[in-house]
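Structure record follows, encoded as structure tokens.
The values are calculated or read from the model by the stated rules, or taken from the named source; none is laboratory data. Since the structure is predicted, the reported quantities are computational estimates derived from the model, not experimental observations. Note: ideal-geometry Cβ built from the backbone for every residue, glycine included; neighbour counts use all protein chains shown.
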Amino acid sequence: MQVAHAMWMYSFAWTQKASCVSIPVSQSSLRMGEVFNAYGRRSAEYVQTLGSMESTHAEDRQLVSRWGRQINGPIIDVGCGPGHWTDFLNSQGCDVRGIDPTEEFIASARRRFPDCRFDLGSVESLRADSTMGILAWYSLIHHDPAGLDAALQKCSAALAPGGSFLVGFFTAPAHAPFAHAVTTAYFWPLNELVSRIERVGFTTVEVHERHDASSRPHGAIVAQRSESGAFAETRKAAGFPAASSSG
């Protein structure tokens with residue numbers, strides 16, 4: 001099934017020979033609604049091809065499992081898609097729910113994984129201090145730089161003190177858009193994404209990079225929400241009220 005995963009990624013994602021495409025900034029800021037619609041149109045295909053743990057890499061399963069079992073509290077799988085990672089974390093004994101803005105994905109996930117909770121929602125709908133863990137496994141890859149910064153701010157502010165963030169993404173030496181299977185996505189240099197994550201109130205805990213012959217380079221970052229002076233600005237930028245102090 002890992003071979004099927006790679007074939008799907010290549011047979012659809014590389015329909016254009018050039019690895020990068022150019023998108024005007026004025027258009028990129030309006031794209032997220034189009035992204036949700038694009039996934040809705042191809043949801044059945046996506047679920048069939050990539051909607052099971054058999055299509056995932058063993059190293060990714062080990063990382064997500066180890067991360068999830070260390071979280072002492074609820075986890076939100078942001079952009080859960082077909083729901084298989086939510087179900088995987090649930091099977092590891094985690095208190096987890098999946099959210100996704102694509103109705104077709106949520107309907108399918110509820111049918112296929114009835115023991116898990118799935119809700120319509122997106123990173124923009126996260127509430128302040130609402131969870132101890134956020135998994136964003138390739139669910140932020142379609143955000144342009146400005147949109148990504150806003151999404152990271154939401155994730156930081158949504159985590160309770162000491163909460164943990166795990167993000168998976170496609171990495172490359174330089175930031176650039178590329179022709180993803182469903183709609184345009186972005187490569188991120190590992191160090192640049194670490195810097196953006198730390199600017200919104202996180203402390204980096206782990207950094208991972210994997211290069212497979214059959215697919216694009218993969219990156220993963222584990223970060224913990226830190227309590228610092230920058231965090232108040234993060235909450236404000238994310239649209240949340242200032243944290244109240246307790247005696």
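Number of residues in the range 101-116 that are in contact with a Gly (Cβ under 6 Å, 6 or more places away or on another chain) and modelled with pLDDT under 95: the value is 3. For the range 129-148, enumerate the residues that are at pLDDT below 95 and more than 12 Å from the chain's Cα centre (by Cα). Scanning the range 129-148 gives D129, S130, D144, P145, A146, G147. Taken over the range 117-128, the criterion of being over 25 Å from Y186 (Cβ atoms) and either surrounded by fewer than 20 Cβ atoms within 10 Å (Cβ to Cβ) or modelled with pLDDT under 95 (or both) is satisfied by R117, D119, R127, A128.
Condition check for S43 on (1) within 26 Å of P217 (Cα to Cα); (2) among the small types (G, A, S); (3) surrounded by fewer than 19 Cβ atoms within 10 Å (Cβ to Cβ); (4) at pLDDT below 95: one failure, at (3).
Within the range 149-196, being among the hydrophobic types (A, V, I, L, M, F, W, C), within 17 Å of D100 (Cα to Cα) and over 15 Å from the mean Cα position of the chain (by Cα) holds for one residue alone: V182. In the set F105, F113, only one residue is aromatic (F, W, Y), surrounded by 23 or more Cβ atoms within 10 Å (Cβ to Cβ) and more than 19 Å from L166 (Cβ to Cβ); that residue is F105. Of the residues making up the range 201-227, just one is at pLDDT below 95 and of a type in the set (A, V, I, L, M, F, W, C), namely A213.
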